[in-house]
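Worksheet: one structure, shown below.
The values are calculated or read from the model by the stated rules, or taken from the named source; none is laboratory data. As the structure is a computational prediction, the values presented were derived from the model and not from experiment. Note that each Cβ is placed from the backbone with ideal geometry, even for glycine, and that neighbours are counted across all protein chains shown.
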């Protein structure tokens, strides 16, 4: 049995407070710069829909121009509130509006490094190449 050594894996954790005041362009640029550096980014919080769309657009533009860049893998895990009561859901929504969606975790990494991201409501599983 041949064992492969994993070399060069780097995780970069970004706290929500570090990106909450950045605009769409600045957030996307920060994330893409890290991913282009072959890092897996763990963002405490969730990108807004327009930020995710911009990230995907910019990524597609880079795929054509950078030789070894194959794109990104992105996944989000957030609390499952389906079984919670109405009061808990209301508290969650109020907190989300006041401080942003910081209860989620977003994982973004280069497609050349991440083979697949498996997701279920309680965990993420990264399969690396």
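Being at pLDDT below 85, surrounded by fewer than 16 Cβ atoms within 10 Å (Cβ to Cβ) and farther than 19 Å from residue 103 by Cα is a description that applies to residue 4. Do we have any residue at all in the range 30-46 that's at positive phi and at pLDDT 85 or above? Yes, the range 30-46 contains at least one residue that is at positive phi and at pLDDT 85 or above. Can you find even one residue in the range 17-26 that is modelled with pLDDT under 90, within 21 Å of residue 124 (Cα to Cα) and touching a helix residue (DSSP H, G or I) at 6+ places or on another chain (Cβ under 9 Å)? The answer is no; no qualifying residue exists.
If you go through the range 19-31 and keep only what is assigned to a helix (DSSP H, G or I) and more than 10 Å from residue 43 (Cα to Cα), you end up with 24, 25, 26, 27, 28, 29, 30. Name the residue that is surrounded by the most Cβ atoms within 10 Å (Cβ to Cβ), counting only residues in the range 52-71 that are under 15 Å from residue 113 (Cα atoms) and touching a residue at least 40 places away in the same chain (Cβ under 8 Å). Here the residue is 69.
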